[in-house]
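Enquirer: What follows is a single structure, and I will ask about it in a moment.
Derivation of every value follows stated rules applied to the coordinates shown; laboratory data play no part. Computed from a prediction, not measured in an experiment: that's the story for all the values here. Methodologically, a virtual Cβ is constructed for each residue, glycine included, from the backbone with ideal geometry; neighbour enumeration extends over all protein chains shown.
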Amino acid sequence: MAHFLTLYKFNGPIKGGGPERYQRFKGIVDSEGGRIVFFGGLLGPYDVMTLTEYPTSRAAMKGTARIANLISAQTLTMPVVDEPDFLSLLKEVTELSQ
């Protein structure tokens, strides 16, 4: 499955947060065929980040949009390439540039 890094920025006061809301958050990811690999709070311009796995980009987009609606947040989602693939890609780019 593909990995996605999502940054969440709350749009207003946090209401009804905590473990119950996280379970709803997780349920959305699960319902789209995904899995939360890592979830954490942040200091800075974003409040929360997740690393998730989803079967398709469409599932990731749908899940992220549903979560953003649930928690009233702006999101920034980026696909993540794992280390072996990324290093292989860099090698290919370097070889093509010569």
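Enquirer: If each DSSP helix of 4+ residues adds -39,500 (n - 2.57) and the sum is divided by the residues in the chain, what number results at 222 nm, nearest 500 deg cm²/dmol?
Expert: Details: 3 runs with 43 residues, N = 98.
Roughly -14000 deg cm²/dmol at 222 nm, from the helical runs in the chain.
Enquirer: Here's another thing I want to ask about it. Could you identify which residue out of 86, 25, 38 has the top mean-square fluctuation in a GNM of the chain using Cα springs shorter than 10 Å?
Expert: 86
Enquirer: Size of the dipole of the stretch 2-97 about the Cα centre, Lys and Arg at +1 and Asp and Glu at -1 on the beta carbon, nothing else charged, in debye to 20? Display every interim value, and only then the final one.
Expert: Values: 10 positive and 10 negative charges, 127 e Å.
In debye, rounded to 20, the stretch 2-97 gives about 620.
Enquirer: Which loop-located trypsin sites (Lys or Arg not before Pro) does the stretch 10-98 contain, where loop means any DSSP state but H, G, I, E or B and the Cβ has at most 10 other Cβ atoms within 10 Å?
Expert: Working: sites: 15, 21, 24, 26, 35, 58, 62, 66, 91; in loops: 15.
Those satisfying the criteria are 15.
Enquirer: 7 Å from Cα along Cα→Cβ at both residue 20 and residue 72: what's the point-to-point distance in nm?
Expert: Inter-label distance under the simple model: 1.6 nm.
Enquirer: Given the chain, what count of lysine pairs have C-alpha atoms under 24 Å apart, with each pair 8 or more places apart or on different chains? Display every interim value, and only then the final one.
Expert: Numbers: 9/26; 9/62; 15/26; 15/62; 26/62.
So the count of such lysine pairs works out to 5.
Enquirer: Which one of 27, 14, 87 has its Cα pushed farthest toward the positive end of the charge dipole of the chain, where Lys and Arg give +1 and Asp and Glu give -1 at the Cβ?
Expert: 14
Enquirer: Can you list the residues of the stretch 60-77 with backbone N under 17 Å from a point 7 Å past the Cα of residue 85, pointing along Cα to Cβ?
Expert: Under cut-off, by backbone N: 60-61, 77.
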